[in-house]
Every structure is written in C-alpha cells, then in structure tokens.
Amino acid sequence: MRNRVREQRTQQGLSQADLAAALGVSRQTVISIESGRYLPSLPLAFAIARYFGLTVDKMFDPDQEAGT
Amino acid sequence: MTTFIRPRLRKPAVTASAGLLFAVAWLVRGGPLWWVSILAVIATAVRVASLYRMGGEDTDEGALVGSRADERQKVVGLRSRALACHFAMVTAFIGLTAAIAIRGNWWWPFLIILAVTGFGYLLGLSSYGSGEPDSDDDANLGAQRSPLQR
C-alpha cells in the first residue's frame, strides 16, 4: 500500500524523529511506515492523516504498491 | 504486574528476581557446588546492567527491553515470542520422539513442555478469538437486511 507520509513530512520540513514524537511512536516505526514495510493500525492511520490535515484515503492508497 | 516500576527498570528487575531465585535454589541445594550460586549472582548482575543499558538505546530491541514499545514494536516482540514458542514446541516434540525411540526415561520433561505450550496456544485462541463459533451472520437473523439482499 502506497502512502504519502514521506511526501507530507518533507513538505512540512519535519524530520522522522519530529513526526515520531508528534505521533507518539518510535522513529523506526515512521521509517517502516514510509517505506511501506509496516501498515499502521487504524487509530495510528487516523492520527497520521489528522496530523497532516488529510483524510485517511488521501494519505494511504490501497490500490498502489509501496514504492511505485 | 510490574507497572509500579519505572519502564526502563521493569525487565532488569524481573531478570534480577529470576537470577536471585536461581542462586537461592543452588544455595538451598547445598553440597560441593554451592559456589554456583555466586556465579549465578555475578551473571545476573552483568545481565541486569546490560539490559538497563540496552533499554536506553534508540532501537526496536531497546524499546522492547525498556518497556516503551509502540504498536509496531509490540507486534515485532509478539512475533518473536511466537517464533520462540514454535521452536520450543518443535524441539520438545523431537526430544519426546527421540526419548521414546531409544527407550530413554527422560521423555516426561519434553511431554510437559509440549503440553504446556499446546495448552498456552489453545488458551490464546479462546482468549483472543471471537469465542462465538456458532453465531449467525446478522443478515440471517432477520433483524437487519443487507443492502445486497434488497
């Protein structure tokens, strides 16, 4: 599943550690989500989408493979 | 159970308790090998110190040891424990089979490990599963109709 976490984070000039602290998760988890190796739980997906002011379906695209 | 202890100290505290219990067991046993209890205390102290140090590292292992894992790290920890349990079951089965084949009288510890891990697996299924294998789909109850049935 492709997501726009990295794109949104870099647009806002945030580091992975900043985003991790804002979401209450580890930096390693942000890295895993960005690379598509880990699919976040529904509450975390909502937290990520809300943080960037987007909806979950705008943030995560189930029709596209990660890295495409 | 250990929530009253600071997160970073929880695993080291559990390890220290287990190590000290082991050392006391050797001491109570007595005999010429009583000094093994001293070795156990030293090994426990080294392990506790290394766990405390690891608990402060910015890694998945550090987060798990430091009891501050997030959802992904908890999943990683659970999968690792599941794999360890799988290895224990396979090893116990091999041990039990080998003991039976060569008529060894040391088969029962393997049987106990196999029984306990198997019971744990079944307990997990009943605790974490839905627990309602025969419940009907809402659509069959007549209370609500699925939009697909209209």
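Every read-out reported here was derived from the displayed coordinates using simple, explicitly stated rules and does not represent laboratory data. This is a predicted model, so every value here is computed, not measured. Here the Cβ positions follow ideal geometry from the backbone for every residue, glycine too, while neighbour counts run over all protein chains shown.
Brief remarks follow.
- Inter-chain Cβ neighbour average for residues A:42-55, partner chain, 10 Å: 0
- Sequence ranges B:34-47, B:8-21, B:116-129, ranked by mean other-Cβ count within 10 angstrom, highest first: B:8-21, B:34-47, B:116-129
- Distance between the 7 Å Cα→Cβ label points at B:ARG6 and B:TYR128: 3.1 nm.
- Note on A:ARG6, A:ARG50: ascending count of other Cβ atoms within 10 Å places them as A:ARG50, A:ARG6, the fewest first.
- Translational diffusion of the range B:11-72, estimated by Stokes-Einstein from the Kirkwood radius over alpha carbon pairs at 37 °C in a medium of 0.692 mPa s, is 259 µm² per second.
- Alpha carbon convex hull of chain B, projected area averaged over orientations, nm²: 16.5
- Order of A:LEU19, B:LEU111 under a 10 Å beta carbon neighbour criterion, fewest first: B:LEU111, A:LEU19
- Mean projected area in nm² (Cα convex hull; one quarter of hull surface) for the protein assembly as shown: 21.2
- Cα gyration tensor category, rounded, prolate or oblate, for chain A with a/c compared to 1.5: rounded
- Mean residue ellipticity, 222 nm, helices only, chain A: the sum of -39500 (n - 2.57) across DSSP H runs of n ≥ 4, divided by residue count and rounded to 500, is -14500 deg cm²/dmol.
- Converting phi to 3J(HN,Hα) with the Karplus coefficients 6.51, -1.76 and 1.60 and the offset θ = phi - 60°, the range B:24-30 yields 5, 4, 5, 5, 5, 4, x Hz in sequence order, with x at every glycine or proline.
- Taking all Cα pairs closer than 8 Å and separated by 6 or more residues, the relative contact order of chain B comes to 15 percent.
- Over chain A, Cα pairs under 8 Å with separation of 6+ residues give a relative contact order of 49 percent.
- The share of Cα pairs per 5 Å bin across the range B:70-131, counted from zero up to the longest distance, runs 4, 17, 18, 20, 15, 11, 7, 4, 2, 1 percent.
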